[in-house]
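To start, the structure itself, in structure tokens.
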Amino acid sequence: MTYREDIAKIRDELFAQIASQDDPGAVLRSDRLKGLFLSIKDQPSQDRASYGQLVNELKIELEEAILDRKNHTERRDPIDLTSPFDVNAPLPDLLGVEVGSQHPISQEILYMSDILQRMGFRVYDSREIDDQYHMFDTLNFPKGHPARDDYDTFQVSEQDESGMNFVAPAHTSTMQNRILTELRPLLEKDQPIAATSIDRVFRNEDVDARHEHTFYQHEGIYVSKGIHAGMLVATLQTFLEGYFEKTIEVRINPFYFPFTEPSFEFNMSCPFCEKSGCNVCSQSGWIELLGCGMIHPNVLKMAEIDPEIYTGFAWGGGVDRMIMMKHGIEDVRHFHSGKLNFLRQF
Ligand code: DAH
């Protein structure tokens, strides 16, 4: 027998074992295969290279056959033709590679956007660099207005045409003027403007368990004829009950923002203790959740919407804190820590 015939015979044996054994991978550790490798060095020098090549090719073929067999035997579950493809085709973890997952903030932003979309809101991205015109001027903060100090953020050295530095926006309200301007034609067709922007914002904060310099906000705006504050409260209540999957009580207190009049601080009953008092709500039963109000006439005018005809409401609030409350996360810094034992829980 030539060595080719020898190898072919062993090949047949090993393939038969792969087909019949419970642990087909054992073939790779078998004495038969090891023996072939050990015998390479004993071949006459003129055959040694091609012999070695044949043995190596055989090993690769065996590995493929083993994978094939494992894929077949591990997928005994009936195939559900109506499921997404990933249910029917689990990724074999053959290389010991871990499949990653979506970051909890991304998951929750999609979830919130989905609720608002179903309520009729269009979804907009915000920006990570913007001009001060959109972050302040269009929102009724004139230059030098003291309320600008509440939105202390980072700036880059590049400047816009008016000589103001571009900034990392401190709130998603920076999108209001763009959204109002883009959707203004809807009003002429007697349709409301309803939009949300849920995205990253920045502030010059001292970082601790409750404060991050980079965090997320959800913003909503709604404009049409005859809109009043009751609609604002009902919209937010519906959104929050959808997000926390609970009945939630809400209340508003007077507040101040330059871009709303009247402005409110919006409180919801604590979703954990249902107002009996716990650590999440500092024993008060209520949580100060976000800012909101009726859009200031000057903000509508800046977008060329006539405040004599149209009125609207807006709101804006932190996303991270909502996620922390929903999932019992105690420290906001976990989100950007890259800690796998945190991320694997989502
Ligand atoms: N932009 C405000 C902040 O970050 C929150 C806010 C309050 C947004 C009232 C609004 C609003 O749209 O109407 O503090």
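The values are calculated or read from the model by the stated rules, or taken from the named source; none is laboratory data. Because the structure is a prediction, the values reported are computed rather than measured. FYI the Cβ positions are ideal-geometry reconstructions off the backbone, even for glycines, and counts take in every protein chain you see.
Among the listed residues SER126, SER173, identify the single one that is within 14 Å of the ligand (Cβ to nearest atom), under 18 Å from MET302 (Cα atoms), surrounded by 14 or more Cβ atoms within 10 Å (Cβ to Cβ) and polar (S, T, N, Q). Write out each step before concluding.
Values: SER126 fails: under 18 Å from MET302 (Cα atoms).
Just a single option satisfies the conditions, and that option is SER173.
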Restricting region 176-210 to residues that are of a type in the set (A, V, I, L, M, F, W, C) and away from the ligand (no atom under 16 Å from the Cβ), the residue that is farthest from ASP137 (Cα to Cα) = ALA209
Every listed condition ((1) more than 10 Å from the ligand (Cβ to nearest atom); (2) buried (at least 19 other Cβ atoms within 10 Å of the Cβ)) holds for ASP306 save (2)
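For every residue, the table says whether it meets (1) of a type in the set (Val, Ile, Thr); (2) more than 30 Å from ASP149 (Cα to Cα); (3) touching a Cys at 6+ places or on another chain (Cβ under 7 Å); (4) surrounded by 15 or more Cβ atoms within 10 Å (Cβ to Cβ).
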{"position": "PRO254", "(1), (2), (3), (4)": "no, no, no, no"}
{"position": "LEU290", "(1), (2), (3), (4)": "no, no, no, yes"}
{"position": "ILE323", "(1), (2), (3), (4)": "yes, no, no, yes"}
{"position": "VAL332", "(1), (2), (3), (4)": "yes, no, no, yes"}
{"position": "LYS339", "(1), (2), (3), (4)": "no, yes, no, no"}
Single match in GLN283, GLN237 (criterion: more than 13 Å from the ligand (Cβ to nearest atom) and surrounded by 15 or more Cβ atoms within 10 Å (Cβ to Cβ)) = GLN237
For the subset of region 250-273 comprising residues that are without any contact (Cβ under 8 Å) to a residue 24 or more places away in the chain and not hydroxyl-bearing (Ser, Thr, Tyr), which member is farthest from the ligand (Cβ to nearest atom)?
-> CYS273
Among the residues of region 136-143, is any farther than 22 Å from GLY293 by Cβ, at pLDDT 95 or above, of a type in the set (D, E, K, R) and more than 16 Å from the ligand (Cβ to nearest atom)?
-> no
Residue, surrounded by the fewest Cβ atoms within 10 Å (Cβ to Cβ), within region 261-280, restricted to residues that are under 18 Å from ILE221 (Cα atoms) and of a type in the set (Asp, Glu) | GLU261
Yes or no: GLY144 of a type outside the set (Phe, Trp, Tyr), more than 17 Å from ASP130 (Cβ to Cβ), outside the structural domain of TRP315 (by TED's automatic domain parsing) and surrounded by fewer than 15 Cβ atoms within 10 Å (Cβ to Cβ)?
-> yes
